[in-house]
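One structure is given below, encoded as structure tokens.
The values are calculated or read from the model by the stated rules, or taken from the named source; none is laboratory data. Please read these numbers as outputs of a predicted model, since none were measured by experiment. Heads up, the Cβs are rebuilt from the backbone with ideal geometry, glycines too, and the neighbour counts pull from every protein chain shown.
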Amino acid sequence: MTRIADLGPVGISLSISPDDTHLDEAARLESLGYSAIWLRGGQIDSFDRISAVVAATDSIPVATGIIPVDVYGADAVAQLYADLQTTAPDRFVVGLGGPQIPRPLRALNEYLDRLDRSAPPVPAERRILAALGPRKLELARDRAAGAVLLLVTPDYTAEARRILGLTRRSSSRS
């Protein structure tokens, strides 16, 4: 599976402000050399907010962490992705969170199926999944470019990396 390589090593979370000052902040963060801007899902009350951050910057990737799939339909997400591919190719990373319902994996798989069938499709390498349990991590490994983990221990992170097929790079000290 292709991994998202362009999120880089040092991303930063951007808070959305009611007065749009966050757009100037996004441009400033880009100028400071951050490798990605992450927008928290709870602040996304409109997809226009995502588009505005992308438009306020020149080249930095913008990722959502996360778009809840039980709030925003797959067709709306696919349309946002298509629009941003037109105006800012390969700069938007679709971060998705599973529904808070019984059998969430089935619903999340169906949602991903709809993204796969959209025109244009939202490719697996341009989406990441919020995933905490082993089965969601396997789904992220198989149907997305990775996972978003939150509030977990280093040991859990190591296990998640194993499930995702990632290995820690060894480093040598001089």
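Some observations on this one:
- Across segment 49-70, a minimum of one residue is classified as in contact with a Pro (Cβ under 7 Å, 6 or more places away or on another chain) and touching a residue at least 12 places away in the same chain (Cβ under 8 Å).
- Single condition residue 145 does not satisfy, out of (1) modelled with pLDDT of 95 or more; (2) not in a strand (DSSP E or B): (1)
- Segment 102-116 residues that are buried (at least 16 other Cβ atoms within 10 Å of the Cβ), paired with ones that are basic (Lys, Arg) and assigned to a helix (DSSP H, G or I) (beta carbon under 7 Å, 6 or more apart): 112/143
- A search for C-beta distances below 7 Å between a residue of segment 145-157 that is more than 18 Å from residue 12 (Cα to Cα) and any residue that is assigned to a loop (DSSP other than H, G, I, E, B) and among the hydroxyl-bearing types (Ser, Thr, Tyr), counting only pairs 6+ apart in sequence or on different chains, returns 145/2.
- Within this structure, residue 44 fails the test of being within 15 Å of the chain's Cα centre (by Cα) and modelled with pLDDT of 95 or more.
- When 134, 121 are checked against the criterion of being more than 17 Å from the chain's Cα centre (by Cα), more than 21 Å from residue 36 (Cβ to Cβ) and of a type outside the set (A, V, I, L, M), a single residue qualifies: 134.
- Unmet requirement for residue 167, which otherwise passes all of (1) of a type in the set (Val, Ile, Thr); (2) touching a Lys or Arg at 6+ places or on another chain (Cβ under 8 Å); (3) farther than 16 Å from residue 36 by Cβ; (4) at pLDDT 95 or above: (4)
- Condition check for residue 151: outside any helix (DSSP H, G or I) and at negative phi: no
- Residue 6 vs. criteria at pLDDT 95 or above, part of a loop (DSSP other than H, G, I, E, B) and in contact with an Asp or Glu (Cβ under 9 Å, 6 or more places away or on another chain): no
- Those strands (runs of 3 or more DSSP E) of segment 30-98 in which at least 3 residues are touching a Gly at 6+ places or on another chain (Cβ under 8 Å), surrounded by 14 or more Cβ atoms within 10 Å (Cβ to Cβ) and among the aliphatic types (A, V, I, L, M), considering only elements entirely within it, cover 36-40.
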